[in-house]
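Report on the structure given below.
Since every read-out is calculated from the coordinates, none of them should be taken as a lab result. Everything numeric in this text was worked out from a predicted model, so none of it was measured. Counting neighbours? That spans all protein chains shown, and the Cβs are built from the backbone with ideal geometry, glycine included.
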Amino acid sequence: MATRIIKDVYTEYLSGSVVVTPPPSNIEFVAGWAEGGELLKRYTISDKATAKAIFRDGELLKALLERLDAGSSIIYAVRIGAALKAALVLKSGETDVIRLEALEPGAWCNGIEVDVSGAGAIRTIEITDPDNDATYAFSGETNDALVAAVNGGQHLVKAVKLADDFPDAAIGLQLTGGTDGETLTNGDYIDAIEYSEQFPEVAWVHFVGADTPALWTAVTTSCRNMVENVLGERFAILDMPRFTPLDLQKSTPQEVQDYVDNAISLKSEFTDRNAVFFIGEGRFLDSDGNAYFNRVTSACSGKMAAVDLQKSLLGESPAGIVSLLPEFTRGQQVQLIQANINYLRTQAGIGKIIALSVNAPPAGETYNRIEKLRAVYAAGKQARLAAFPHLGRPNDEGGEGLKLLEEDIKRPLELMRQKGHIDSYQLEMVSTPEMRSLGETLVRLSVNSMKAFEIILTKVYLD
Amino acid sequence: MASKKRDETSEEALRLSTIIEQNNIRPTLANAVMAAHGLKSSDRMEPGRLLRLVEEWCSAPAGGK
């Protein structure tokens with residue numbers, strides 16, 4: 001891959017003085033529908049309790065929990081959709097005097113209860129949390145004081161004064177109008193894709209349920225633009241449509257074959273270096289022990305986050321999957337492999353293992369496996385970060401700037417090589433007199449990774 | 001509605017790449033809409049028609065499950 005450093009190359013400080021903390025190589029960006037949390041806001045999730053407390057329920061929460069069970073450690077989680085905030089207007093007679101609006105959108109906020117009491121010079125507003133029945137009470141001698149007390153003393157609603165008259169006393173009022181925005185539109189996904197672009201440290205993205213060629217195109221266009229414009233190196237984990245047999249417990253061979261054929265047909269003309277497809281569903285257990293079916297995408301992504309850079313996903317077993325739906329026949333497995341679609345299969349004595357780790361590049365592209373793409377992009381990220389302190393500094397006349405830039409970029413790459421995260425690399429720095437006059441340098445980074453064992457294993461599984 | 005239809009049909013067809021650039025449609029969105037409708041950037045279309053396709057595609061349900 002090539003990294004183009006735009007503008008001036010620094011020269012006037014000693015190499016080695018730059019301290020660059022490399023980003024973790026496994027930050028996942030996941031966006032989807034949820035019942036809690038603010039919209040289009042990044043939450044960094046590393047544990048299940050936090051994920052449940054923020055997102056409550058929905059496809060996003062499932063995607064997070066399945067990832068965390070499988071080994072994810074850092075997830076940027078983003079709620080999307082057209083969810084609305086619940087609200088309540090307190091009145092004095094016919095006059096609107098105080099508006100209470102839920103801090104986050106969602107139907108659960110419709111259960112927030114409000115009581116207004118008091119007479120004369122003081123009013124009291126009590127707000128009850130539907131989750132735990134905790135009641136927060138606020139008193140004031142004016143609506144300004146009431147609003148200030150409400151806004152400073154609880155985390156459920158925001159109060160706005162509309163008029164000076166005290167609100168009428170009332171018991172058992174509830175916020176209304178809150179919705180979960182469960183039906184996502186293409187526009188919701190586009191918003192999430194564009195929102196994701198502000199996080200260059202992200203290693204791969206997953207937009208839960210974006211399962212059409214048009215949305216795959218949007219996601220990979222974003223990845224490609226970020227890589228080509230030196231904004232961030234990332235690839236995409238892409239969902240296939242759900243498996244929907246008439247009876248989930250007893251799918252017919254024809255239903256499974258139709259599922260496979262449809263998936264292959266859907267992506268037949270879709271190729272992109274940054275596209276990694278997973279197909280198939282698994283039976284999972286939620287925290288209450290209830291079984292549910294979901295795509296295996298998130299579990300596989302979590303497993304990938306847990307393995308070292310350059311380590312193959314082939315044969316890795318994501319935790320948390322009770323059984324597979326469907327179990328693909330050997331013939332279907334061959335079909336899927338040839339179509340560059342990853343899946344899980346059951347291996348006696350081991351469990352549910354990832355059968356193949358190949359992305360979906362156009363013919364002739366070299367980054368044809370997930371772990372190679374991941375290693376190359378991680379190296380690119382580190383090179384870009386190491387080069388960043390050099391940007392905007394003046395060139396020097398003696399040509400030392402290039403040497404110092406090269407030394408600083410080599411440092412993290414050498415560390416990666418020593419740790420086995422990449423096999424080897426070549427770094428080439430070019431600044432012709434013409435480029436120099438423009439303050440530009442071309443940094444060309446080539447990264448090699450190993451693959452011999454995978455070829456052997458793939459043949460063993462297939463023959 | 002009738003006058004709007006006349007306006008759109010009287011528009012001159014342009015290459016999609018030109019319409020996309022003139023209307024600052026972001027590549028992520030433009031590529032998605034073209035993929036959804038089997039269009040290429042070299043195809044020609046009335047600008048209003050493409051903008052309507054973009055709007056319709058954005059507001060269409062995407063599943064999300």
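With a cap of 14 neighbouring Cβ atoms within 10 Å, and only residues DSSP puts in a loop, list the trypsin sites (Lys or Arg not before Pro) found in segment A:75-147.
For trypsin sites (Lys or Arg not before Pro) across segment A:75-147 that sit outside H, G, I, E and B with at most 14 neighbouring Cβ atoms in 10 Å, the list is empty.
What number, rounded to the nearest 500 deg cm²/dmol, is the helix-based mean residue ellipticity at 222 nm of chain A, given -39500 (n - 2.57) per DSSP H run of at least four residues and division by all its residues?
My calculation for chain A gives -9500 deg cm²/dmol from helical runs alone.
Can you find, among A:241, A:349, A:51, the residue farthest towards the positive end of the dipole of the protein assembly as shown? Put +1 on the C-beta of Lys and Arg, -1 on that of Asp and Glu.
The residue sitting most towards the positive pole is A:349.
Please give the length that would be gained between residue A:363 and residue A:228 if that part of the chain were fully extended, namely 0.36 nm times their separation in residues minus their C-alpha to C-alpha distance (nm, one decimal).
46.7 nm is the gain from fully extending residue A:363 to residue A:228.
Among the aspartates and glutamates, select those whose C-alpha is under 16 Å from the C-alpha of residue A:85, and discard any that sit fewer than 8 residues away in the same chain.
Partners within reach: A:35, A:38, A:101, A:104, A:113, A:129, A:180, A:182.
In segment A:286-304, which residues have a backbone nitrogen under 19 Å from the label point lying 7 Å from residue A:248's Cα in the Cα-to-Cβ direction?
So the set is A:286-300.
Work out the charge dipole of segment A:130-207 with +1 on the Cβ of Lys and Arg and -1 on the Cβ of Asp and Glu about the Cα centre, then indicate which of A:206, A:155, A:178 is farthest towards its positive end.
Value computed over the given set: A:155.
Along Cα→Cβ, 7 Å out, is where each label goes; now give me the distance between the ones at residue A:168 and residue A:50 in nm to one decimal.
Modelled inter-label distance: 4.6 nm.
Evaluate the charge dipole of segment A:263-335 about its Cα centre and quote only its size in Debye, nearest 20, assuming +1 on the Cβ of each Lys and Arg and -1 on the Cβ of each Asp and Glu.
The calculation lands at about 180 debye.
Compute, for segment A:220-316, the length of the dipole vector about the Cα centre, with Cβ point charges of +1 (Lys, Arg) and -1 (Asp, Glu) only. Units Debye, rounded to 20.
That gives segment A:220-316 a dipole magnitude of about 180 debye.
Are there any trypsin sites (Lys or Arg not before Pro) in segment A:158-254 that are in a DSSP loop and have at most 15 other Cβ atoms within 10 Å? List them by number.
A:242, A:250
Starting from the coordinates of the alpha-carbon atoms of the protein assembly as shown, obtain the Kirkwood hydrodynamic radius over all distinct pairs and give the value in Å to one decimal.
For the protein assembly as shown, inverting the mean 1/r across all distinct Cα pairs yields 26.2 Å.
Step through the table entries A:41/A:352; A:250/A:311; A:41/A:410; A:267/B:40, compare each Cα-Cα distance with 28 Å, and write down the pairs that go over it.
Result: A:41/A:352; A:250/A:311; A:41/A:410 exceed 28 Å.
Could you bin all the Cα-Cα distances of segment A:27-151 into 10 Å bins starting at 0 and give me the percent of pairs in each, rounded to whole numbers?
The distribution over segment A:27-151 is 12, 35, 25, 18, 9, 2, given as percents.
For q values of 0.17 Å⁻¹, compute log₁₀ I(q)/I(0) with the Debye formula on a Cα-only model of segment A:94-177, without solvent.
Each listed q maps to, in turn, -0.62.
Could you give the size of the charge dipole of chain A about its Cα centre, using +1 on the Cβ of each K and R and -1 on the Cβ of each D and E, expressed in debye and rounded to the nearest 20?
My answer is approximately 1760 debye.
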